[in-house]
1. Considering only the stretch 382-391, state which residues are modelled with pLDDT under 90 and on the phi < 0 side of the Ramachandran plot.
2. Applying the selection to the stretch 366-380, what residues are at pLDDT below 90 and either crowded, with 22+ Cβ neighbours inside 10 Å or outside any loop (DSSP other than H, G, I, E, B) (or both)?
3. Please state which one of ALA247, ALA197, ALA239, ALA206 is of a type in the set (Gly, Ala, Ser), more than 30 Å from GLN37 (Cβ to Cβ) and modelled with pLDDT of 75 or more.
4. If you take the residues in the stretch 335-365 that are under 33 Å from the mean Cα position of the chain (by Cα) and either exposed (fewer than 14 other Cβ atoms within 10 Å of the Cβ) or hydroxyl-bearing (Ser, Thr, Tyr) (or both), which one is nearest to ASP219 (Cα to Cα)?
5. Tally the residues that are surrounded by 11 or more Cβ atoms within 10 Å (Cβ to Cβ) and either touching an Asp or Glu at 6+ places or on another chain (Cβ under 6 Å) or of a type in the set (Gly, Ala, Ser) (or both), restricting the search to the stretch 184-196.
6. Filter the stretch 74-95 down to residues that are over 18 Å from ALA183 (Cα atoms) and buried (at least 17 other Cβ atoms within 10 Å of the Cβ), then give me how many there are.
7. Identify, by number, the condition in (1) surrounded by 12 or more Cβ atoms within 10 Å (Cβ to Cβ); (2) farther than 24 Å from THR380 by Cβ; (3) at pLDDT 75 or above that LYS31 doesn't meet.
8. If VAL357 satisfies all but one of (1) in contact (Cβ under 8 Å) with a residue 12 or more places away in the chain; (2) outside any loop (DSSP other than H, G, I, E, B); (3) not small (Gly, Ala, Ser), what's the number of the condition it fails?
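The values are calculated or read from the model by the stated rules, or taken from the named source; none is laboratory data. Being a predicted model, the structure only gives us computed values, none of them experimental. Backbone-built Cβ (ideal geometry, glycine too); neighbour counts: all protein chains shown.
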Amino acid sequence: MKNPLPYCFCCFVLCLTFASAYGQTRESLEKQRAQTQKEIDETEKLLQQTIQKKSSSLQAISLLNTKIQQRNNLISSIRSDIAEADRRIAETNADIAFARKNIEAIRKKYAALVRQAYRLRSQYTDLMLILGSSSLNEAYLRTKYFKEISDYRKKQVEVLAAEQQALDASLAQLQSQRAEKTALLQEEQQEQSKLNAERQQQDKMAKQLNVRESQLKKDLAAQKKEAEKLEKTIQDLIAKEAARRKAEAQTKPESAATQQVVEKLSATFKENKGKLPWPCAQGVITGRFGTYAHPIYKDISLQNSGIDITAPARTSAQAIFEGEVLYLALVPGSNMAVVIQHGNYISLYQNLVDVPVKKGDHVATGQPIGTIYTDPQSQTGTLHLEIWEGQTKLNPAQWLRSK
């Protein structure tokens with residue numbers, strides 16, 4: 001006779017497996033939400049500092065845009081958590097339905113056994129049936145049969161109790177999951193309200209800035225011109241450095257060893273993609289890599305060769321990797337720029353003051369290379385960071401490690 005207890009045990013093991021997987025997923029989602037909330041708090045601190053110094057500015061708009069994006073990320077994370085809760089609730093409901101179906105089937109089978117035993121006992125007792133056997137062998141078989149029937153009934157009671165216990169656990173789990181989902185929905189609603197308020201604040205700032213539209217557009221044009229000039233300078237530097245190495249390879253025997261050092265440094269830099277330290281201890285990305293619309297003037301397209309990181313006043317900038325200072329330049333409107341070579345890669349740090357390094361210096365990873373210029377109005381500073389591989393501009397956000 002088939003014993004259903006192993007099946008119950010398998011179901012129990014599967015439940016534990018799913019619970020473990022869910023726990024890992026939930027832990028990952030909670031970690032992601034905590035990180036996003038930390039970024040929001042950091043951005044909010046910088047934003048409030050900016051707003052206190054000046055009622056409306058492009059810097060404040062950039063910070064607010066970043067905060068809105070972070071808030072959207074947080075809401076997306078909460079919705080992922082809600083979807084996961086929905087999936088778990090559906091699984092638990094299926095487990096409950098299956099357990100109830102099993103319990104009903106076991107109860108019917110057990111009731112049939114009880115009725116059958118009652119009918120037999122109303123006519124004959126077990127002892128009478130055994131004594132009425134025609135032989136000792138038949139008496140033995142009848143005794144064995146009655147014992148198996150008794151054992152089977154006991155097992156059915158045990159299975160029924162186990163199924164009921166599993167059902168009770170599933171019902172308690174379902175109640176907990178529903179409470180969790182309710183809390184998540186409330187959290188989502190709260191974050192959505194904050195997002196709506198931030199968008200209203202953004203619209204208000206935009207209207208205030210539109211009064212100075214003509215001057216702001218002139219400033220943007222001048223900044224674009226200087227950025228293009230710096231980009232051309234970097235391209236020329238890279239080309240000259242490549243030509244110098246090629247010439248040395250043809251005239252100097254020791255250049256082969258030098259090239260090996262360059263290749264090794266380049267390989268190490270590449271291996272650290274996504275692991276490089278941030279160029280400043282604090283800060284949030286307020287300008288992303290690539291082409292995108294201006295936060296206020298949608299008819300203006302911005303082209304960013306790197307990323308912009310807004311940080312608190314007087315924040316130090318550090319080298320993201322070891323290398324040699326290749327170039328220093330004074331950029332009108334953006335203070336000093338420092339270019340560091342890492343083999344076939346370079347990193348550029350713009351908008352620095354109090355630069356302690358000079359061309360030809362070897363710098364270590366994390367070594368200070370200047371102070372990010374502090375805007376006297378917003379009391380924050382914005383560091384522009386670029387990473388190049390040869391003549392190709394790369395997205396620095398993909399190379400920096402998560403905070």
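1. GLN391
2. SER378, THR380, listed by residue number.
3. Within the list ALA247, ALA197, ALA239, ALA206, the selection yields ALA239.
4. Looking at the filtered set, the residue picked out is TYR349.
5. Selection size over the stretch 184-196: 1.
6. Total meeting the criteria: 3.
7. For LYS31, the failing item is (1).
8. Of (1) in contact (Cβ under 8 Å) with a residue 12 or more places away in the chain; (2) outside any loop (DSSP other than H, G, I, E, B); (3) not small (Gly, Ala, Ser), only one is false for VAL357: (2).
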